[in-house]
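So the structure is just underneath, and the comments pick up after that.
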Amino acid sequence: MNFLRNIEKETLNIKKITIKKAFFIMILMVLLESLGQIPIVIINILSKKYSTALPYIDLVADVIIKYFVISLLLKWYSKISYDMPRKQGLDKKKFIHVAVIIIGFRLAYDNSLIYLVDKIPMPDFINQAFGEMSISPIILILSIAVVAPIYEEVIFRGILLKGMANKMDPNLALVISALIFALVHMNIPQGINAFLLGLIIGAIYLSSNSIYLCIFAHFINNSVGITISGSFQLLSGKYSMIIRSIFFLVGITILIFAYRWYTRKKPGDTLDIYKEFIER
C-alpha cells in the first residue's frame, strides 16, 4: 500500500482542509460506503446457496470500497511533495509506549464509562453487522483489527486531522476530527468511545506525525476490545467492584503519567501531549 508509505514519509502533502470541507468529507465517505454496499446486498440476495462464502465476499468487497474512498480523497486533498522524504525510522520503544497508553485508556474506559454507555441501546443495523462478522473469527479479526485501523486512521488522522491542522489551530483540529470520527459511527455508544479514542490517537499523530503509530494504536485498541474488554463485565462477586476500581485507577494513572511526561518540558504547548513519552 504505497499511500501509507507516502503519508508516513511525507512524499504526499495534505492540502488545507476547512471545517466545512471536513464535514463534506464525512458525508461523502458515508455516502460512498453506503452506495458501495448495494452490489454486496445484490450478491447476498442472488447467492444464498453460497452462504458460507458470503462473509468472505463481503470482506473483499468492503476492502475494495474502502480503497476506492481513500484513493479518491487522496486525489482531491493531497499533492506530491518534492521535498526530501523523511528517512528516519521509528524507534520500537515508541510502539511500546503507544501500546501502554492505549491499554491505559481501555482499562480506564472499560471499568467506568462503559457501564453507563452500555445502557444506551445499540441500533439494530450495528448489532446485525457485528453478528455477521462474528460468524467467522477470521472475518471478525480482519475487519476490526486490520481493515478498520488502516482505513480509519488514513482518513481521520492522515487526511482530516493533518489537513485541518494545516489550516487552523491544531488543538481545534484535534477536537473536530475526533468529533467527526465519533459521528461516522452513527450510534451513541460507539460514538462516545470513538471521540475519546480519537482525541488520544489524534494527539499521538500531531506529536509523532506517524500514521504507522496511529494504525498500531488503533489495532491495539480494537484487539483489546474484542479479546479482553468484555471479560471485565463478567466479573462478579463481592470483590468485583474492588477489582474494577483497581483496573480503573491503573488506567487513569497510565494516562496521567503519559500526559505529564509529554508536557513536562513544554507545559504551554498542548500540541505536545504524549510527544516526549513517545520519543523516549
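Listed by position, the helices (runs of 4 or more DSSP H) contained in the stretch 136-239 that have at least 3 residues being of a type in the set (A, V, I, L, M, F, W, C) are 137-141, 170-183, 188-208, 211-227.
So in the stretch 90-116, with the set limited to residues that are of a type outside the set (A, V, I, L, M, F, W, C) and exposed (fewer than 14 other Cβ atoms within 10 Å of the Cβ), which one is modelled with the lowest pLDDT? Only one residue tops the list, namely D91. Scanning the stretch 213-226 for residues that are farther than 12 Å from I103 by Cβ and surrounded by fewer than 19 Cβ atoms within 10 Å (Cβ to Cβ) gives a single hit, I226.
Is it true that L46 is surrounded by 13 or more Cβ atoms within 10 Å (Cβ to Cβ), more than 14 Å from K162 (Cβ to Cβ) and at pLDDT below 85? If you could, list the steps in order and put the result at the bottom.
On the way: surrounded by 13 or more Cβ atoms within 10 Å (Cβ to Cβ): no; more than 14 Å from K162 (Cβ to Cβ): yes; at pLDDT below 85: yes.
No.
Residue count for the stretch 154-174 satisfying the condition of being charged (D, E, K, R) and surrounded by 23 or more Cβ atoms within 10 Å (Cβ to Cβ): 2.
Among all residues of the stretch 68-89, there is at least one that is surrounded by 12 or more Cβ atoms within 10 Å (Cβ to Cβ), outside any helix (DSSP H, G or I), among the hydroxyl-bearing types (S, T, Y) and at pLDDT 90 or above.
Taking every residue in the stretch 1-24 that is free of Cβ contacts under 8 Å to residues at least 24 places away in the same chain and pairing it with any residue that is surrounded by 14 or more Cβ atoms within 10 Å (Cβ to Cβ) and not in a helix (DSSP H, G or I), at least 6 positions away or on another chain, the pairs with Cβ-Cβ distances below 6 Å are N6/L12.
Would you mind stating whether L172 is hydrophobic (A, V, I, L, M, F, W, C), more than 22 Å from Q128 (Cβ to Cβ) and without any contact (Cβ under 8 Å) to a residue 12 or more places away in the chain?
Judged against the criteria, L172 is a match.
Residue count for the stretch 117-165, restricted to those that are modelled with pLDDT of 95 or more and over 22 Å from F195 (Cβ atoms): 0. Annotation note: Cβ proximity below 6 Å between a residue of the stretch 176-187 that is at negative phi and a residue that is aromatic (F, W, Y) (sequence gap 6+ or interchain) occurs for S177/F156; A178/F195; F181/F156; A182/F195.
Within the set S177, S210, S240, the sole residue that is buried (at least 18 other Cβ atoms within 10 Å of the Cβ) and either over 30 Å from Q128 (Cβ atoms) or charged (D, E, K, R) (or both) turns out to be S210.
Filter the stretch 180-193 for residues that are under 20 Å from S34 (Cα atoms) and among the aliphatic types (A, V, I, L, M); which is surrounded by the fewest Cβ atoms within 10 Å (Cβ to Cβ)? Within the stretch 180-193, the match that is surrounded by the fewest Cβ atoms within 10 Å (Cβ to Cβ) is M186.
The values are calculated or read from the model by the stated rules, or taken from the named source; none is laboratory data. From a predicted model like this one, the values you see are computed outputs, not experimental measurements. Neighbour counts are summed over all protein chains in view; Cβ atoms, including those assigned to glycine, are modelled from backbone coordinates with ideal geometry.
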